[in-house]
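A short worksheet on the structure shown next.
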């Protein structure tokens with residue numbers, strides 16, 4: 001039989017009304033009592049019926065996710081992280097993609113599903129900046145310039161890029177070439193900014209960046225324009241995969257002829273040949289911060305801005321000189 005509020009109340013030694021207040025997030029509960037009720041809920045496996053909670057609170061406990069594509073590894077990793085973070089808070093997740101009708105239509109579709117708020121992810125953030133968000137839809141935007149209209153959560157892309165370039169320069173390279181991401185991407189722009197800053201700090205020459213579109217195919221094609229590079233910072237690991245294959249096909253050894261560093265630390269980065277030195281994004285932390293900021297906004301909190309740090313993972317592809 002399903003666990004009822006009365007079962008939880010008996011277990012916690014409180015009234016059913018107190019259990020209801022805890023379930024609905026009411027502030028009118030002593031912290032010690034709240035912990036006791038939450039423990040009883042966990043012990044018994046209690047889950048409040050979403051429809052009943054919606055009737056009580058006016059909220060559906062459903063959040064949305066707006067994406068341009070799920071084809072990229074970063075976006076799919078973020079989908080998983082946000083889904084898990086939402087489930088841990090007992091929120092359902094509705095996913096919409098931005099199609100030909102644009103982001104206004106994506107917001108309208110989410111509102112028709114009764115979501116309490118939404119996370120706007122990566123490439124879709126540029127579209128979100130160009131429209132005023134619906135007044136009744138709380139938003140958290142992942143990877144965006146500062147904007148007072150909504151909360152922003154982002155990876156420290158520039159800091160990670162600086163660490164990657166500093167690592168390559170420390171190995172004795174005169175400069176570091178850059179295979180950048182697409183125009184219009186906040187993450188790509190921030191990684192390029194970090195690359196430029198690291199070269200400027202070192203007084204190193206600044207080659208013109210070559211631009212890809214995040215895919216391994218674009219990484220492969222870009223190598224033709226990087227024939228003078230001895231050190232290469234690639235804006236994501238998927239493009240770096242194409243770079244490694246193209247360099248091998250051209251008879252150029254990694255890292256002996258060209259040292260390569262990527263960005264993301266995707267699951268397979270350690271299995272590349274050679275294993276890829278890369279900047280690790282903490283997708284789980286990023287997704288958790290996005291959901292926490294959104295839930296806080298839904299509950300009446302003010303917009304926040306958070307940055308999640310990165311870390312450099314050194315493997316064989318950067319080598320030494």
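The values are calculated or read from the model by the stated rules, or taken from the named source; none is laboratory data. Model, not experiment: these values are computed from the prediction. Neighbour counts run over all protein chains shown; Cβ positions are idealised from the backbone, glycine included.
Can you tell me which residue is nearest to residue 313 (Cα to Cα) among those in the range 248-261 that are buried (at least 21 other Cβ atoms within 10 Å of the Cβ) and without any contact (Cβ under 8 Å) to a residue 60 or more places away in the chain?
Just the residues of the range 248-261 that are buried (at least 21 other Cβ atoms within 10 Å of the Cβ), to begin with: 254-255, 258-261.
From what is left, the residues that are without any contact (Cβ under 8 Å) to a residue 60 or more places away in the chain are 258, 260.
Values: 258: 18, 260: 12 Å.
Step by step, filter the range 248-261, then rank; the result is 260.
Listed here are the residues, each with its yes/no results for (1) in the same structural domain as residue 67 (by TED's automatic domain parsing); (2) farther than 18 Å from residue 194 by Cα; (3) more than 22 Å from the chain's Cα centre (by Cα).
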| position | (1), (2), (3) |
| --- | --- |
| 215 | no, yes, no |
| 231 | no, no, yes |
| 247 | no, yes, yes |
| 294 | yes, yes, no |
| 297 | yes, yes, no |
| 315 | no, yes, yes |
If we scan the range 233-245, do we find a residue that is over 22 Å from residue 91 (Cα atoms), out of contact with any helix residue (DSSP H, G or I) (no Cβ under 7 Å at 6 or more places or on another chain), surrounded by fewer than 22 Cβ atoms within 10 Å (Cβ to Cβ) and not assigned by TED's automatic domain parsing to the domain that holds residue 91?
no
Which ones in the range 101-124 are surrounded by 15 or more Cβ atoms within 10 Å (Cβ to Cβ) and either modelled with pLDDT under 80 or not in a helix (DSSP H, G or I) (or both)?
115, 116, 117, 118, 119, 120, 121, 122, 123, 124
Filter pass, residue 297 being surrounded by fewer than 16 Cβ atoms within 10 Å (Cβ to Cβ) and part of a helix (DSSP H, G or I)
no
Taking the range 161-183 and the residues there that are modelled with pLDDT of 95 or more, in contact with a helix residue (DSSP H, G or I) (Cβ under 8 Å, 6 or more places away or on another chain) and not in a helix (DSSP H, G or I), the one that is nearest to residue 143 (Cα to Cα) would be 181
I'd like the residue in the range 210-230 that is surrounded by fewer than 19 Cβ atoms within 10 Å (Cβ to Cβ) and in contact with a strand residue (DSSP E or B) (Cβ under 6 Å, 6 or more places away or on another chain) and, out of all such residues, is nearest to residue 262 (Cα to Cα).
211
Any chance the range 75-87 includes a residue that's surrounded by fewer than 18 Cβ atoms within 10 Å (Cβ to Cβ) and either assigned to a loop (DSSP other than H, G, I, E, B) or modelled with pLDDT under 80 (or both)?
no
Sort out which residues of the range 142-175 are surrounded by fewer than 24 Cβ atoms within 10 Å (Cβ to Cβ) and on the phi > 0 side of the Ramachandran plot, and write them in order of number.
172
